[in-house]
Amino acid sequence: MNHQHINKIALVVLLVIAFGLPLVVRSATYLHILVLLFFYAYLTTSWNIVGGFAGVLPLGHAAFVGIGAYTSTILSLQYGISPWLGALVGGVLATVAGVIIGLPTLKMRGAYFALATIAFAEGLRVMVENIDYIGPLNLNGPRGLQIPPMETGLTHFMFATKEPYYYIILIMLLAVMLLTYLISRNKLGYYLMAGGEEPEAAMALGVNVARARLIAMAVSSFLTALAGTFYAQFSLYIHPKSIISLDMSFEIAFIALIGGRGSIAGPILGALLLRPVGDFCRIYFGDTLPGLHLIIFGLVLVLVMLFQPRGIQEPISRAYQALLNRLIPITPGR
């Protein structure tokens, strides 16, 4: 048995554990925490397509979450359209928004792209918070939108227990991880990584760095908007300050940077480390010290950048590889 076989077995074991957890974890509270952990892992993996491989730093991805959440919710409440179809409409709108943002900004250098994405997200939040109607569409301004209980089932994307939400977000996470893996192994991924590390050299070799980044931005925006629909159906209430907040945008970026941007496992490891800390801070210090989790994330990020600039996935990967070498030493000829 070689290392590849061990890796496949480990992957199967992890999948079995992930799909079997709801059979063991019966507490609705713990399942809620797990759903949010997978939710942020999904968001960060989607962010990683442009923020990791492309080497830029988007800090306004909550805007796409909000576009997805508001689009599917409004279409469902006002026109009776299924949230599943609304999710696709929201994804298309988010893709258009991502392309419109990306066209002028992805050619910018330094912090300009990050600042542009922050400005877009904050502008969208302020607009949604202060406008009740856009034509016939009821945004309900600062009051947010409440999704009333209706018939439960997959068709209505509404369930009486946490387990179906758990499996939906788990499948979404696995799907976006697979897509990220495929991107990293094809021409687009190579162009993105080349443009992220040495854009001038990549362009000198004929790589259209701006085009590759724009495609990554479009894909990332679409996937992020799908998560917005999931969040709306899971929480049954969306509010501009929570769904289009800089807190969410920064948290997504912190998870990626600490876990290891540009890697497949980084967003998952970052979410496993940071989400429990965030939940603990919100539960015990949310009223007295709001934003404490972001301060802690910032301190952790400083330490990681000082000692592990490629994220915590690198030492964990080295430790795993060392364990494999100890169990199954690599011999010449293998």
Which listed residue is out of contact with any helix residue (DSSP H, G or I) (no Cβ under 7 Å at 6 or more places or on another chain) and at pLDDT 95 or above, from Leu179, Leu223, Leu205, Leu173 = Leu179
Contact list, first residue from segment 243-263 and more than 21 Å from Leu145 (Cα to Cα) and among the β-branched types (Val, Ile, Thr), second anywhere and outside any helix (DSSP H, G or I) and modelled with pLDDT of 90 or more, beta-carbon distance below 8 Å, six or more apart or interchain, is Ile252/His61; Ile258/Gly311; Ile258/Ile312
What residue, of Tyr112, Tyr70, Tyr79, is out of contact with any His (no Cβ under 9 Å at 6 or more places or on another chain), of a type in the set (Phe, Trp, Tyr) and within 18 Å of Phe222 (Cα to Cα)?
-> Tyr70
How many residues, within segment 107-132, are of a type in the set (D, E, K, R) and either within 14 Å of Leu246 (Cβ to Cβ) or crowded, with 17+ Cβ neighbours inside 10 Å (or both)?
-> 3
Going through segment 232-252 in order, the residues found to be surrounded by fewer than 22 Cβ atoms within 10 Å (Cβ to Cβ) and under 13 Å from the mean Cα position of the chain (by Cα) are Met248, Phe250
One residue from Val24, Val13 being of a type in the set (A, V, I, L, M), modelled with pLDDT of 90 or more and under 22 Å from Ile264 (Cβ atoms) | Val13
Options Phe64, Phe19, Phe53: the member that is surrounded by 24 or more Cβ atoms within 10 Å (Cβ to Cβ), more than 13 Å from the chain's Cα centre (by Cα) and on the phi < 0 side of the Ramachandran plot | Phe53
Flag if Val35 is in contact (Cβ under 8 Å) with a residue 24 or more places away in the chain, on the phi < 0 side of the Ramachandran plot and in contact with a helix residue (DSSP H, G or I) (Cβ under 7 Å, 6 or more places away or on another chain) = yes
Hey, does segment 205-213 have a residue that's surrounded by fewer than 19 Cβ atoms within 10 Å (Cβ to Cβ), charged (D, E, K, R) and within 26 Å of Thr29 (Cα to Cα)?
-> no
Any idea which residue in segment 37-95 is nearest to Ile264 (Cα to Cα), counting only those that are among the hydrophobic types (A, V, I, L, M, F, W, C) and in a loop (DSSP other than H, G, I, E, B)?
-> Phe53
Number of positions in segment 70-96 that are buried (at least 19 other Cβ atoms within 10 Å of the Cβ) and within 16 Å of Ser46 (Cα to Cα) = 5
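The values are calculated or read from the model by the stated rules, or taken from the named source; none is laboratory data. All values reported here derive from a predicted model rather than from experimental measurement. When we count neighbours, we look across all protein chains shown, and the Cβ atoms used for this are built from the backbone with ideal geometry, even at glycine.
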